[in-house]
1. Can you work out which of the residues in region 90-115 that are of a type in the set (A, V, I, L, M, F, W, C) and assigned to a loop (DSSP other than H, G, I, E, B) is nearest to the ligand (Cβ to nearest atom)?
2. Just wondering, is there one or more residues in region 134-146 that are over 18 Å from A74 (Cβ atoms), within 14 Å of the ligand (Cβ to nearest atom) and touching a Cys at 6+ places or on another chain (Cβ under 6 Å)?
3. Which of the residues belonging to region 94-108 are small (G, A, S) and under 13 Å from A78 (Cβ atoms)?
4. What number goes with the only condition from (1) out of contact with any Pro (no Cβ under 8 Å at 6 or more places or on another chain); (2) over 20 Å from A78 (Cβ atoms); (3) surrounded by fewer than 22 Cβ atoms within 10 Å (Cβ to Cβ) that A160 does not pass?
Amino acid sequence: MTINHLDRRTVLRGAAIVAAGAGLAACGDDAASPAATSSAAPTTTATAIGSFSEAPAAPVESSDATDAGSAENALGQAADVPVGSGVIFEDAKVVVTQPTAGSFKAFSAVCTHQGCLVSKIETDKILCNCHGSSFSITDGSVLGGPAPTPLPAQDISVDAGNIRLGSS
Ligand code: FES
């Protein structure tokens with residue numbers, strides 16, 4: 001049983017290495033133009049996340065829960081998250097959005113393409129400038145670019161105007 005599990009990981013890692021090699025070969029002389037490589041396989045310039053991720057769960061609505069968690073999980077103030085937009089908390093690698101007034105959502109700020117931190121929020125899109133992926137502020141779904149899967153939802157709570165990262 002363990003041997004089968006290891007064999008699967010070995011196969012997956014081998015496939016990732018082959019894909020990365022194909023990406024390097026495909027980059028050619030266009031390496032100076034990130035937009036030119038937007039449909040190419042992975043390159044070595046992005047900050048990679050070291051594991052394969054599972055399919056993301058549905059975004060979690062925030063609430064005024066009384067057990068909001070410890071201060072060490074504090075992200076920021078709800079008042080600083082614009083309606084119809086959001087804020088990127090780079091240190092925590094979390095994006096908090098407020099698609100409609102009073103409804104807060106949170107997603108991983110790590111792009112599902114090659115692991116860059118998302119760059120900014122423009123209108124109702126979360127943008128990754130590494131290769132041009134864009135994601136919905138409502139559910140983290142992919143709106144454009146090479147990202148293969150949505151930004152994974154994160155648990156947060158909003159209590160007395162404070163946003164905290166949930167632990168479950
Ligand atoms: Fe490539 Fe984000 S890492 S689009």
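The values are calculated or read from the model by the stated rules, or taken from the named source; none is laboratory data. The shown structure was predicted, so the numbers you read here are calculated from the model rather than taken from an experiment. We place every Cβ from the backbone using ideal geometry, glycine too, and count neighbours over all the protein chains shown.
1. Let us first name the residues in region 90-115 that are of a type in the set (A, V, I, L, M, F, W, C), namely 92, 94-96, 101, 104, 106-107, 109-111.
Subset that is assigned to a loop (DSSP other than H, G, I, E, B): 92, 101, 109, 111.
Working: A92: 18, A101: 29, A109: 11, C111: 3 Å.
Here the residue is C111.
2. Narrowing region 134-146 to residues over 18 Å from A74 (Cβ atoms): 134-146.
Within this subset, residues satisfying the condition of being within 14 Å of the ligand (Cβ to nearest atom) are 134-135, 140, 142-146.
Now drop any that are not touching a Cys at 6+ places or on another chain (Cβ under 6 Å), which leaves none.
Scanning region 134-146 turns up no residue that is over 18 Å from A74 (Cβ atoms), within 14 Å of the ligand (Cβ to nearest atom) and touching a Cys at 6+ places or on another chain (Cβ under 6 Å).
3. Kept after step one, since they are small (G, A, S), are these residues of region 94-108: 101-103, 106, 108.
Selection gives A101, G102, S103, A106.
4. (2) is the only condition that A160 fails.
Per-residue answers, yes or no, for (1) of a type outside the set (V, I, T); (2) touching a Gly at 6+ places or on another chain (Cβ under 9 Å); (3) modelled with pLDDT of 95 or more; (4) under 25 Å from S133 (Cα atoms):
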| position | (1), (2), (3), (4) |
| --- | --- |
| P56 | yes, yes, no, yes |
| V60 | no, yes, no, yes |
| T66 | no, no, no, no |
| Q77 | yes, yes, yes, no |
| G84 | yes, no, yes, yes |
| V96 | no, yes, yes, yes |
